[in-house]
Amino acid sequence: MPDIINKSFIMKHTAFSALHEAFGAKMVEFAGFWMPVQYEGLMAEHETVRKAIGVFDVSHMGEFWVKGPKALEFVQWVTSNDASKLTDGKVQYSCFPNDKGGIVDDLLVYRINAETYLLVVNAANIDKDWAWVNSQNKMGATLYNASDEISQLAIQGPLALKAMQKLTNTTITDMEYYTFKKVDFAGVKDVILSTTGYTGAGGCEIYFANEDAPKIWKAVYDAGAEYGIKPIGLGARDTLRLEMGFCLYGNDINDTTSPIEAGLGWITKFTDSKDFINKAALLKQKNEGVSKRLVGFEMIDKGIPRQHYPILDAEGKVIGEVTSGTQSPSLKIAIGMGYVPVAMTKEGTEIYIGIRDKALKAKVVKLPFHKG
């Protein structure tokens with residue numbers, strides 16, 4: 001009999017874990033990290049971000065540096081979007097296609113300069129992504145996994161940039177969407193401040209060294225106090241992103257869903273000058289079509305769709321399943337996303353969601369759900 005070694009699971013903590021607990025957060029395990037799911041309640045936190053300013057600890061996200069003369073060649077090969085279009089200070093949403101038609105992960109690509117890029121990946125996929133990018137580094141780019149060294153806050157909401165302007169002498173209130181600057185922020189040098197986020201409510205995300213976390217946390221809250229700043233948990237993060245129709249890895253996209261099926265053709269660039277993993281197969285999908293696509297839907301009958309609930313046609317036949325679903329705090333209706341046959345993707349098409357052994361009516365709608 002081979003020896004069996006039991007390795008106890010070690011929960012990771014961010015630099016802010018103790019602060020979350022001091023704020024009274026309900027803490028849960030998420031992607032191997034001890035994270036806040038909510039503070040005062042999901043509905044109130046959701047509204048805070050839509051109308052004012054809220055702060056998410058997203059330090060569990062992964063950060064990989066790509067450097068050297070082969071940096072761009074590597075990024076072009078391993079991601080689906082066209083990184084050659086990036087200039088210094090620009091950010092790009094992209095994905096890592098796998099070699100089987102699916103997606104290893106979705107990510108952000110930051111161009112620091114011609115030979116330096118930062119890849120920001122999902123927390124649950126850090127180890128998988130790191131193994132993947134190293135396996136694909138045939139050109140010899142310099143890769144460095146800085147995930148355990150960097151903390152990140154997402155400061156989101158219509159008042160976020162106005163409040164954060166107090167903490168830097170660099171003008172940030174006029175920054176375009178998906179751009180970034182390296183700034184002196186709250187007395188800390190070289191903080192990366194980007195006008196990105198997962199909420200559709202405006203604001204920024206900031207990256208800094210773990211040791212600067214307590215100082216920055218206090219400064220952010222002091223600067224936002226007059227605007228009603230509050231800490232926000234993972235629960236509201238999910239409802240906010242779903243209202244915008246943003247894909248969540250593990251729900252709406254995974255190793256078996258292609259970016260074409262997921263409606264991510266806009267980040268899958270088939271230019272002659274760019275070769276990337278599985279390009280030929282994905283181009284064939286684009287040209288010949290796919291059998292299913294990800295759609296958004298609103299419930300007509302009363303009921304809340306949840307992940308893995310079946311999607312049915314009028315005859316009760318299962319045609320797909322819900323990938324994400326919730327009661328929308330902003331719209332006051334139940335919404336969801338899921339994959340259905342292409343023939344059922346037209347806006348206004350009636351579908352049914354299997355909820356507690358009942359087929360409840362819904363209709364396909366155009367994304368995003370939240371238009372405000």
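Nothing in this text is a laboratory measurement; each read-out follows from the coordinates by a stated rule. Nothing here was measured: the structure is a model prediction, and the numbers come from that model. Please note: Cβ atoms are built from the backbone with ideal geometry, for glycine as well, and neighbour counts cover all protein chains shown.
Here are some notes:
- Around LEU312: net Lys/Arg minus Asp/Glu count, Cβ-Cβ under 13 Å: -3
- Taking the Cα centre of the chain as origin and assigning +1 to Lys and Arg Cβ atoms and -1 to Asp and Glu Cβ atoms, the resulting dipole is close to 720 debye.
- GNM remark for the chain: springs join alpha carbons under 10 Å apart, and the peak mean-square fluctuation among LEU248, LEU360, LEU331 falls on LEU331.
- Karplus-derived 3J(HN,Hα), 6.51/-1.76/1.60, for each residue of segment 205-215, Hz, glycine and proline x: 10, 10, 10, 7, 5, 3, 5, 8, 4, x, 5
- Estimated purely from DSSP H runs of n ≥ 4, each contributing -39500 (n - 2.57), the mean residue ellipticity at 222 nm for the chain is -5500 deg cm²/dmol once divided by its residues.
- Positive-end residue of TYR221, ALA146, PHE180, charge dipole of the chain with Cβ unit charges: PHE180
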